[in-house]
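Presented below is the structure to which this report refers.
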Amino acid sequence: MENADNNTKQTPEELKELGNQAVKNQKFAEAVLHYSYAIKLDPNNYILYSNRSYAYLKMLHFYSALEDANKTIQLNPTGPKGYFRKGEVEYATKHYGDAIKSYDQALYFLPQDETVKNALIKASTAYIADKRTTEQIPWVAAGIGIIIGVVLVIIDYLYTTKSTHPLLMAFITIIISIVGYGLGKTYCYYDTCQRDGLIQPPPNLFEDDENDKANKDDNSKSKTKLNARFTKSQARHRYKKGKLS
């Protein structure tokens, strides 16, 4: 609580320096707090968003890191910082193709920077390797299926008195191979979904509570209106009753 009070008394620049010092000390959660307080005081300072993006990335909060990187780009579209931060998040979540585009954009604004150049080379190498692996996995799985089928044929030939018809064994081998290919494709799809999930917004744990509160408010308003109607109706009824009497 005392730390929060101290933060509100400091300037954005002082808070930024505190955040930078926390990053140097590997205290990334503390750094996020300092940057966040600074952003409240200076919401258009793109450097604060860039620094907080880095801290979020180190905490593996990829969605928040990407949001801050995009905000950096929005506030400073002709600067390299936002694109580089975006590329770092995309590389960390294995979106290598997107990372290449972001690094390339950063390099456009800072063509002589060795850090950006090395990041672009690293992302390009990872993209080629990942693409090759993704293409090979289904075929490797299909090859394993063929091997299993051949092993079954050998076992059938060696350990049964009457061997199964060769065409049937070949058909079984093909089926196993196709199943292996399908499993390989399924794994690749699952891996892609996992990567996409890393940059999706976290679930709102308080959504049900918010909905319940909204429903209660609506019910309360409805009851108030209903009571108001009854009150007016009762007043008119009493007025008429008084006139008649």
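The values are calculated or read from the model by the stated rules, or taken from the named source; none is laboratory data. Because the structure is predicted, anything quoted here is derived from the model rather than measured. Note that each Cβ is placed from the backbone with ideal geometry, even for glycine, and that neighbours are counted across all protein chains shown.
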Find all pairs meeting these conditions: Cβ atoms under 7 angstrom apart; at least six residues apart or on different chains; first residue within the range 125-138 and without any contact (Cβ under 8 Å) to a residue 40 or more places away in the chain and at negative phi; second residue part of a helix (DSSP H, G or I) and surrounded by 12 or more Cβ atoms within 10 Å (Cβ to Cβ).
A126/Y96; Y127/Y96; Y127/G97; Y127/I100; D130/Y96
Answer with yes or no whether T115 is within 17 Å of T192 (Cα to Cα) and either within 28 Å of the chain's Cα centre (by Cα) or touching a residue at least 40 places away in the same chain (Cβ under 8 Å) (or both).
no
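Just name the residue that is farthest from N70 (Cα to Cα) out of those in the range 97-155 that are assigned to a helix (DSSP H, G or I) and among the acidic types (D, E). Break it down stepwise before answering.
First, the residues of the range 97-155 that are assigned to a helix (DSSP H, G or I): 97-109, 114-155.
Cutting the leftovers down to among the acidic types (D, E) gives us 98, 104, 114, 130, 135.
Details: D98: 13, D104: 16, E114: 23, D130: 25, E135: 31 Å.
Top of the filtered list is E135.
May I ask you to list the residues in the range 97-151 that are among the aromatic types (F, W, Y) and at pLDDT 95 or above?
Kept after step one, since they are among the aromatic types (F, W, Y), are these residues of the range 97-151: 103, 108-109, 127, 139.
Selection gives Y103, Y108, F109, Y127.
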For Q26, all conditions in the list (1) on the phi > 0 side of the Ramachandran plot; (2) surrounded by 20 or more Cβ atoms within 10 Å (Cβ to Cβ) hold save one; what is the number of the exception?
(2)
Test of understanding: among A22, A29, which residue is in contact with a helix residue (DSSP H, G or I) (Cβ under 7 Å, 6 or more places away or on another chain) and either free of Cβ contacts under 8 Å to residues at least 40 places away in the same chain or among the aliphatic types (A, V, I, L, M) (or both)?
A22
Of the criteria (1) of a type outside the set (F, W, Y); (2) in contact with a Gly (Cβ under 7 Å, 6 or more places away or on another chain); (3) exposed (fewer than 14 other Cβ atoms within 10 Å of the Cβ), which one A141 fails:
(3)
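Taking the range 88-124 as the search range and keeping residues that are charged (D, E, K, R) and within 22 Å of T134 (Cα to Cα), which one is surrounded by the most Cβ atoms within 10 Å (Cβ to Cβ)? Break it down into steps so the answer makes sense when it comes.
Initial filter on the range 88-124 (charged (D, E, K, R)): 88, 90, 94, 98, 101, 104, 113-114, 117, 122.
Keeping just the survivors that are within 22 Å of T134 (Cα to Cα) gives 88, 90, 94, 98, 101, 122.
Numbers: E88: 22, E90: 24, K94: 18, D98: 18, K101: 16, K122: 16.
Only one residue tops the list, namely E90.
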State yes or no: is I39 surrounded by 15 or more Cβ atoms within 10 Å (Cβ to Cβ), in contact with a helix residue (DSSP H, G or I) (Cβ under 7 Å, 6 or more places away or on another chain), of a type in the set (A, V, I, L, M, F, W, C) and under 30 Å from C193 (Cα atoms)?
no
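Please enumerate the residues belonging to the range 47-87 that are among the charged types (D, E, K, R) and either outside any helix (DSSP H, G or I) or surrounded by fewer than 24 Cβ atoms within 10 Å (Cβ to Cβ) (or both). Break it down stepwise before answering.
Start the filter on the range 47-87 by keeping residues that are among the charged types (D, E, K, R), which leaves 52, 58, 67-68, 71, 81, 85-86.
Hits for the range 47-87 are K58, E67, K71, K81.
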